[in-house]
Amino acid sequence: AQMMAKGLPKLKPIPNVKDIILVSSGKGGVGKSTTAVNLAAAMKVEFPEKNVGLLDADVFGPSVPLMMNLDDTPILNDKNLMEPLVNYGVKCMSMGFLMSENAALIWRGLMVMQALERLMRQVEWGPTDYLIVDTPPGTGDTHLTLLQNLPITGAILVTTPQSASIQVTRRGGVMFEKMKIPIIGIVENMSSIKCPACRSNIQLFGNGVDDLAEEFETQILQHIPLEKEINSSSDKGVPIIIGKPNCNEAIVYKKLAQQV
Ligand code: ADP
């Protein structure tokens with residue numbers, strides 16, 4: 001808070017990286033990582049000539065290794081920088097690449113900041129048009145570190161239509177406003193389900209996300225349904241946008257990529 005009062009600290013770009021886009025959520029389990037991964041992969045599909053990176057900044061709960069089917073250890077190049085691992089044309093970096101699967105993550109704040117610094121700065125991203133950053137849930141130290149260090153193009157808020165998620169997403173929105181980070185828009189995830197019998201859409205929860213968008217004078221970018229295949233494809237390490245590029249849900253992610 002003190003730092004904020006004194007004005008924004010100096011931002012340092014990541015060499016060669018143009019646009020840094022944060023994907024954030026108020027709480028865990030709402031589909032933030034799923035959105036970040038599918039968005040990154042969709043951007044590569046939609047704009048094949050662009051270079052896309054995906055930074056998993058969730059040091060405590062990295063999802064990118066599983067969802068992008070990557071588990072090698074990054075090699076260090078002659079500049080002592082880590083080479084990102086690449087799948088589906090997307091350059092990825094995650095804390096999950098740097099520790100063994102069962103390593104206990106009982107870290108103190110300082111170590112987390114060091115890990116994050118490493119993920120941000122000690123990676124040879126190379127020319128990168130879009131760096132999608134999967135942030136941890138909430139509004140903690142990781143966010144402050146990212147926002148105080150990196151020139152962020154904008155943030156996407158991911159929420160489900162449940163009040164419990166919307167309420168904490170609001171806090172994230174306020175944080176971005178305070179830090180003068182543009183809110184690109186909101187992704188409403190698990191928005192509805194399709195009735196297997198009659199194929200009509202069933203709205204499970206309320207429509208509080210509309211109010212949230214209005215409050216932050218932003219738009220709902222996409223409504224993503226709760227769809228078994230989104231989950232099963234993520235679990236297999238093949239994002240739905242890659243595995244089933246022409247299904248309805250993949251098209252929603254493609255539209256999202258066009259909006260960002
Ligand atoms: P977060 O990053 O917000 O913690 P995840 O992206 O890890 O959330 O998603 C939590 C779980 O919900 C995962 O198992 C994921 O596959 C599943 N999931 C996310 N979005 C959807 C969706 N639209 N339909 C079905 N399952 C989803």
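List of remarks:
- With the simple spin-label model, which puts each label point 7 Å out from Cα in the Cβ direction, the Glu177 to Ile251 separation comes to 3.5 nm.
- For the chain, with +1 on Lys and Arg beta carbons and -1 on Asp and Glu, the positive-most of Val23, Val90, Ser192 along the dipole: Val23
- Global form of the stretch 34-82, assessed from the alpha-carbon gyration tensor, a/c cut-off 1.5: oblate
- If the chain linking Asp211 and Lys10 were pulled fully straight, counting 0.36 nm for each residue of separation and taking away their Cα-Cα distance, it would gain 69.0 nm.
- Kirkwood Rh, angstrom, the stretch 143-202 [1 / mean 1/r, Cα pairs]: 13.3 Å
- Over the chain: helical MRE at 222 nm, DSSP H runs n ≥ 4 each giving -39500 (n - 2.57), nearest 500: -10500 deg cm²/dmol
- Sorted largest first, the principal axis extents computed over the alpha-carbon atoms of the chain equal 59, 42, 38 Å.
- Once backbone amide H atoms are built at 1.01 Å from N, Leu54 has Lys91, Cys92, Met93, Ile132 as its partners under 5 Å, excluding neighbours fewer than 5 places away on the same chain.
- Built amide H within the under 5 Å cut-off of Leu221, gap 5+: Ile186, Val187, Glu188
- ³J(HN,Hα) computed for each position of the stretch 240-254 - Karplus, 6.51 cos²θ - 1.76 cosθ + 1.60, integer Hz, glycine/proline x: 4, 5, 8, x, 9, x, 9, 6, 4, 5, 4, 5, 4, 5, 5
- Whether the stretch 81-181 is rounded, prolate or oblate, judged on the alpha carbon gyration tensor where a/c under 1.5 counts as rounded: prolate
- Integer Hz, Karplus 6.51/-1.76/1.60 couplings in order for the stretch 114-120, x for Gly and Pro: 5, 4, 5, 4, 4, 5, 7
- Shape call, the stretch 171-211: gyration tensor on alpha carbons, a/c limit 1.5: prolate
Read-outs: derived from the displayed coordinates by stated rules, not from any lab. Just so it is clear, the structure is predicted and the values come from calculations on it, not from any experiment. Cβ atoms come from the backbone with ideal geometry, glycine included; neighbour counts cover every protein chain shown.
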